[in-house]
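**Q** Here it is, the structure, as structure tokens.
The values are calculated or read from the model by the stated rules, or taken from the named source; none is laboratory data. Remember, predicted model here, so these are calculated numbers, not experimental data. Note that we place each Cβ from the backbone using ideal geometry, even for glycine, and neighbour counts take in every protein chain shown.
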Amino acid sequence: MTRVSVVMPVFNGETYLRKAIESILGQSYADFEFVIVDDGSTDGSLEIIEDYAARDARIVVHKMPQNSGIVAALNAGIGAANGEYIARMDADDTSMPSRLEKQVAYLDETGIAAVGANYIKFRGDKAKGRATKRPLSSAEVKRTLPYACCLGHPVVMYRKDVFDRVGGYDPNYASGGAEDYDLWLRMSLDHDLANLEEPLLRYRVHSESLTAHSDAGDRYAFNSACAVANYFCTLLDLPPVFPQDGSDAIVKAIGLALGQARDEDQRKCLMRWNVRFARYCLAGPQERVRAKAILTDFGTFREKWKWRVYGLG
């Protein structure tokens, strides 16, 4: 059995694709297959992928019949993968040469479900960038995760059997992102996750990346709030909620979870998401009625003060 399957979805990524592929083929750890999923590209991406595949037998080309989005592409690629561990990779980033070696060693040693790492975030083709500072230990990650996504998606390696057991990437998050955040939250219910301190990836921000578009931010915030609400619903034995249920259902789920919160940290986290959701995802006072009622019932003086400062009505 192959120890590692690197899975990389590609859609019209020809600009930086060669650098991404070469950064994996140049790894110090060699026992891997490289599953590259072409998600219906209309540029030269598929030709580039097939050119590398003809020269390196470790590359497995998986073609989607049409552009289906990152969730479908990832689930298809991981479904075709044979590795014990899945290493994520994006077509516009580059992995450090020792990335796979260090993450395999950590998973082997600790037995945890997933390990990420810090990464260097840079713009365009600039050589310099800034390294992230992620929480490292399993305890720190578990404490931080309900507040914010603290594992960088393209630099994570996780156990395929755990991925399968929790149901993979949820298609409900196919539009708007946060499919990774939802996955980490579901994994964390029964498993440990961690980060390595050393930056193991260069993460490129450019004009075509999701993070470069302001409208994508609101969709990501919407899905992130839903993922957290659903995490607490699962934790507290409440009915699940999904993005397509709509904003009112998400706020209602947050309120129900607040009513069942087991400690002050859960209450604080849920209230922070209630305020965040109202601020970034609810358009006006009429949409914020339920969220404001939750604030009235469960909010502290400081949380109510923040609501006023943000001009939420």
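**Q** Considering only residues that are among the hydrophobic types (A, V, I, L, M, F, W, C) and surrounded by fewer than 14 Cβ atoms within 10 Å (Cβ to Cβ), which ones fall in segment 240-273?
**A** None - no residue of segment 240-273 is among the hydrophobic types (A, V, I, L, M, F, W, C) and surrounded by fewer than 14 Cβ atoms within 10 Å (Cβ to Cβ), so the list stays empty.
**Q** If you don't mind, another one. Which one of ARG262, ARG276 is assigned by TED's automatic domain parsing to the domain that holds LEU236, part of a helix (DSSP H, G or I) and either at pLDDT 95 or above or not aliphatic (A, V, I, L, M) (or both)?
**A** Going through ARG262, ARG276 in turn, just one is assigned by TED's automatic domain parsing to the domain that holds LEU236, part of a helix (DSSP H, G or I) and either at pLDDT 95 or above or not aliphatic (A, V, I, L, M) (or both): ARG276.
**Q** Another one. Taking segment 37-58, which residues are in contact with a strand residue (DSSP E or B) (Cβ under 7 Å, 6 or more places away or on another chain) and either over 25 Å from SER98 (Cβ atoms) or touching a residue at least 40 places away in the same chain (Cβ under 8 Å) (or both)?
**A** VAL37, ASP38, ASP39, SER41, SER45, LEU46, GLU50
**Q** Go through (1) in a helix (DSSP H, G or I); (2) touching a residue at least 60 places away in the same chain (Cβ under 8 Å); (3) of a type outside the set (Lys, Arg) and name the single condition ASN82 misses.
**A** All conditions pass for ASN82, except number (1).
**Q** Another question, if that's okay. Only one residue in GLY83, GLY111, GLY116 is in contact with a Phe, Trp or Tyr (Cβ under 8 Å, 6 or more places away or on another chain) and not basic (Lys, Arg), so which one is that?
**A** GLY83
**Q** Of the residues GLY13, GLY83, which single one is crowded, with 21+ Cβ neighbours inside 10 Å and over 20 Å from the mean Cα position of the chain (by Cα)? Show your work before the answer.
**A** On the way: GLY13 fails: over 20 Å from the mean Cα position of the chain (by Cα).
Checking each option against the conditions leaves just GLY83.
**Q** Of the residues that make up segment 29-36, is at least one among the charged types (D, E, K, R), in contact with a Lys or Arg (Cβ under 9 Å, 6 or more places away or on another chain), surrounded by fewer than 16 Cβ atoms within 10 Å (Cβ to Cβ) and not in a helix (DSSP H, G or I)? Explain how you work it out, then say what you get.
**A** Step one: filter segment 29-36 for residues among the charged types (D, E, K, R), giving 31, 33.
So of that shortlist, the ones also in contact with a Lys or Arg (Cβ under 9 Å, 6 or more places away or on another chain) come out as 31, 33.
Next, only the ones that are surrounded by fewer than 16 Cβ atoms within 10 Å (Cβ to Cβ) stay: 31.
Applying the additional criterion that residues be not in a helix (DSSP H, G or I) yields 31.
Yes, segment 29-36 has at least one match.
**Q** Quick check on TYR106: is it assigned to a loop (DSSP other than H, G, I, E, B) and modelled with pLDDT of 95 or more?
**A** no
**Q** Also, I was wondering about something else. Going through TYR181, TYR169, TYR147, TYR158 one at a time, which residue ends up being over 27 Å from TYR29 (Cα atoms), buried (at least 16 other Cβ atoms within 10 Å of the Cβ), at pLDDT 95 or above and not polar (S, T, N, Q)?
**A** After ruling out the rest, the residue left standing is TYR181.
**Q** OK, next. Would you point out which residue out of ALA72, ALA87, ALA91 is under 22 Å from TYR173 (Cα atoms), in a strand (DSSP E or B) and in contact with a helix residue (DSSP H, G or I) (Cβ under 8 Å, 6 or more places away or on another chain)?
**A** Result of the check over ALA72, ALA87, ALA91: ALA87.
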